[in-house]
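Have a look at the structure below before the remarks.
The values are calculated or read from the model by the stated rules, or taken from the named source; none is laboratory data. Keep in mind the model is a prediction, meaning the values are calculated, not measured. Please note: Cβ atoms are built from the backbone with ideal geometry, for glycine as well, and neighbour counts cover all protein chains shown.
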Amino acid sequence: MKYSSRKISDILNKVKLICHENITQEICGLVGFSDGKYIVQKAKNVAKDTQRFFNLDPVQYLNFKNEHELLFCFHSHIAGNEDFSEFDIKMSENACLPFLVYSINTKKFNIYCPKYCDSDVNKIQRFKEKIWQK
């Protein structure tokens, strides 16, 4: 199920709600842009250890990327804070895709942008500014 809105705050609130659906496993999903709206979609976490890692369903990832301008991948941290793990950073760098993390504990977001980024950095910057306003 996809959710769309023209407002970044609506998208961030939807990501929070998705992440709180199951606080015992890392939740993941995608955020994109299409027809003047931001799009968010929860993804299936196909990692073997969903309490410590996430791995997007590759078919879902490709379908989303074919239908929308992909901005970033999001996932929850069920323990700790919104800081990125070494694994998060490595995966973001390998994918050339920004990662948005939401901490269940602190209820805060963080965005990591890789050195080489395939996403629209201006749109990512708007999300950063909205996060920093809170």
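Scan Asp83, Asp118 and give me the residue that is at pLDDT below 95, of a type outside the set (A, V, I, L, M, F, W, C) and more than 14 Å from Glu26 (Cα to Cα). Write out each step before concluding.
Numbers: Asp83 fails: at pLDDT below 95.
Answer to the selection: Asp118.
Would you check if Asn55 is at pLDDT 95 or above and surrounded by fewer than 19 Cβ atoms within 10 Å (Cβ to Cβ)? For Asn55, the condition - at pLDDT 95 or above and surrounded by fewer than 19 Cβ atoms within 10 Å (Cβ to Cβ) - is not met.
For residues that are in contact (Cβ under 8 Å) with a residue 60 or more places away in the chain and part of a loop (DSSP other than H, G, I, E, B), scanning just the stretch 99-134, find the one that is surrounded by the most Cβ atoms within 10 Å (Cβ to Cβ).
By that ranking, first place goes to Ile104.
Scan the stretch 6-55 for residues that are touching a strand residue (DSSP E or B) at 6+ places or on another chain (Cβ under 6 Å), among the β-branched types (Val, Ile, Thr) and part of a loop (DSSP other than H, G, I, E, B) and the total you get is 1. Please go through the stretch 64-98 and pick out each residue that is in a helix (DSSP H, G or I) and either surrounded by fewer than 19 Cβ atoms within 10 Å (Cβ to Cβ) or touching a Gly at 6+ places or on another chain (Cβ under 7 Å) (or both). Of everything in the stretch 64-98, those that are in a helix (DSSP H, G or I) and either surrounded by fewer than 19 Cβ atoms within 10 Å (Cβ to Cβ) or touching a Gly at 6+ places or on another chain (Cβ under 7 Å) (or both) turn out to be Phe64, Lys65, Asn66, Glu67, Glu86, Phe87, Ile89, Lys90, Glu93, Asn94, Ala95.
Ala95 falls short on exactly one of the conditions (1) without any contact (Cβ under 8 Å) to a residue 24 or more places away in the chain; (2) in contact with an Asp or Glu (Cβ under 6 Å, 6 or more places away or on another chain); (3) aliphatic (A, V, I, L, M), and that condition is (2).
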